[in-house]
């Protein structure tokens, strides 16, 4: 049975308060989302089938779990000094056109990781609705 708008509002409200807990079954996976403290702020931690595995954070090619349930964070691949150097060299006339294009591409490179927590309940619910085809509510609260 699909989740109604009122139930989604209840889920968002539950995940907006400290120690809130929601259990869902999404595409055959048991998802537990709980509000916890991390680095002096509240975050929504997501467990998939009762586990958080380190291989899901960086190695996404083997599994669809991070893309479905985790929060993607993109960061520049190079530090700010290297990026500014790449940009400067991409405009320099001493290099060939291909080398300048390569430097410009290196300045724009990013590396992504998938974190098992969300900072916002609305963003978590929106992502789950967008990526999962079947969602069932198991439990709200303790």
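The values are calculated or read from the model by the stated rules, or taken from the named source; none is laboratory data. Fair warning: this is a prediction, and the values are worked out from it, not measured in the lab. Glycine gets a Cβ as well: all are built from the backbone with ideal geometry, and neighbour counts include every protein chain shown.
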Exercise for the section: From (1) at pLDDT 90 or above; (2) under 15 Å from the mean Cα position of the chain (by Cα); (3) assigned to a loop (DSSP other than H, G, I, E, B), pick out the condition that doesn't hold for residue 53. Expected result: (1)
Practice task
Answer yes if at least one residue in segment 84-101 is farther than 30 Å from residue 141 by Cα, in the same structural domain as residue 137 (by TED's automatic domain parsing) and not in a loop (DSSP other than H, G, I, E, B), and no otherwise.
Solution key: no
Exercise for the section: Could you list, in sequence order, all residues of segment 127-141 that are surrounded by 15 or more Cβ atoms within 10 Å (Cβ to Cβ) and in a helix (DSSP H, G or I)? Expected result: 127, 128
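Can you tell me which residues in segment 62-83 are surrounded by fewer than 14 Cβ atoms within 10 Å (Cβ to Cβ), under 12 Å from the mean Cα position of the chain (by Cα) and not in a strand (DSSP E or B)?
If the condition is that a residue be surrounded by fewer than 14 Cβ atoms within 10 Å (Cβ to Cβ), under 12 Å from the mean Cα position of the chain (by Cα) and not in a strand (DSSP E or B), then 67 is the only one that fits.
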Handout entry: Search result, residues across segment 1-27 that are over 16 Å from residue 118 (Cα atoms), without any contact (Cβ under 8 Å) to a residue 40 or more places away in the chain and assigned to a loop (DSSP other than H, G, I, E, B)
Key = 4
Handout entry: Failed criterion for residue 124 (all others in (1) assigned to a helix (DSSP H, G or I); (2) out of contact with any helix residue (DSSP H, G or I) (no Cβ under 8 Å at 6 or more places or on another chain); (3) surrounded by fewer than 14 Cβ atoms within 10 Å (Cβ to Cβ) hold)
Key = (3)
Handout entry: Unmet criterion (only one of (1) surrounded by fewer than 16 Cβ atoms within 10 Å (Cβ to Cβ); (2) at pLDDT 90 or above) for residue 107
Key = (1)
Practice task
For segment 102-119, indicate whether the set of residues that are under 22 Å from residue 15 (Cβ atoms), in contact with a strand residue (DSSP E or B) (Cβ under 7 Å, 6 or more places away or on another chain) and assigned to a helix (DSSP H, G or I) is non-empty.
Solution key: no
